[in-house]
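Here's the structure, in structure tokens; my notes come after.
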Amino acid sequence: MGADPFSDLAVLRAREGDLHAAELGDAEGLRVGQLVVAIGNPLGFSGSVSAGVVSALGRSLPTGDGRRVRVVDDVIQTDAALHPGNSGGALADGRARVVGINTAVVGPGVGQGLGLAVPINAHTTELIGQLLATGRVRRAYIGVGGASRALPPRVAARTGRRQGVEITAVMDASPASRAGIQAGDVVVAIDDRPVATIGDLQRQLGADRIGVPLAVELVRDGALRTVTIVPGPLDG
């Protein structure tokens, strides 16, 4: 029914009439060390189940459509054995509630004991709702790549913030390029909301920001500046 490469989620319609819906949980309630169960078709062995624990929370996973990259936030890390073929399968808690969608195996081989799952939470439930309704997810787009970095002491003292997002790339003909954003700029706030990670920046670029001028506070050559960016649409 719809797919969103930037969250690594898709919605399929099943036409069989004797299926029972799984109960969705909330990954926000997970704790490190909690039991989880992964279900999938690893290496072609259908209907396999593996058990493990939540190894970490709040991981980030780069994903995209081959041309543009976006980061999925709050990814679940588990040591439940995942192999190629587990992707798209459920990660369930001890009460059989689906709390994540298995998405990646980390490491050069398989069965490394370090797998990742896209969380089921309020944000991803909203994305799924958009896929059900329209088959796509709309987001605002400014056209930059970046990474967190610590702010110089003087800037940190002046802004009351310890880190921002350093712009490492600006796409040609993008809203950021038209606004004069440069590689090396460090974004510290958007519309007075602090930006410390690339996830903070992305969370402020929902569909409601398309075409809306944003005041971007940044550091360039040690000085604070404010520029205005008008985001365009990014359709997954």
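The table for this structure:
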item	result
Semi-axis lengths, Å, the range 2-134, gyration tensor of Cα atoms, sqrt of 5 times eigenvalues	20, 18, 16
Extreme residue, positive dipole direction of the chain, given options Gly40, His123, Gly180 (C-beta unit charges)	Gly180
Packing-based ranking, highest mean first, of 184-191, 165-172, 44-51 given that Cβ atoms within 10 Å are counted	184-191, 165-172, 44-51
Normalised alpha carbon radius of gyration of the range 21-93 [divisor 2.2 N^0.38 Å]	1.18
Shape category assigned to the range 106-175 from the gyration tensor of Cα positions, a/c cut at 1.5	oblate
Rounded to the nearest 20 debye, dipole of the chain from Cβ charges on Lys, Arg, Asp, Glu	560
Computed [θ] at 222 nm, deg cm²/dmol, the chain (DSSP H ≥ 4; -39,500 (n - 2.57); rounded to nearest 500)	-3500 deg cm²/dmol
Hull volume in cubic angstrom per residue (convex hull over the Cα atoms of the chain)	144
Dimensionless Rg ratio for the range 139-235, taking C-alpha atoms and the 2.2 N^0.38 Å reference	0.98
Part-to-part distance (alpha-carbon centres) for the range 203-236 and the range 1-59, which is given in Å	34
GNM flexibility winner over the chain from Pro153, Pro84, Pro62 (Cα, springs under 10 Å)	Pro153
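FYI, it's all coordinate maths here, none of it is from the lab. Since the structure is predicted, the reported quantities are computational estimates derived from the model, not experimental observations. Cβ sites come from the backbone with ideal geometry, for glycine too, and all protein chains shown count toward neighbours.
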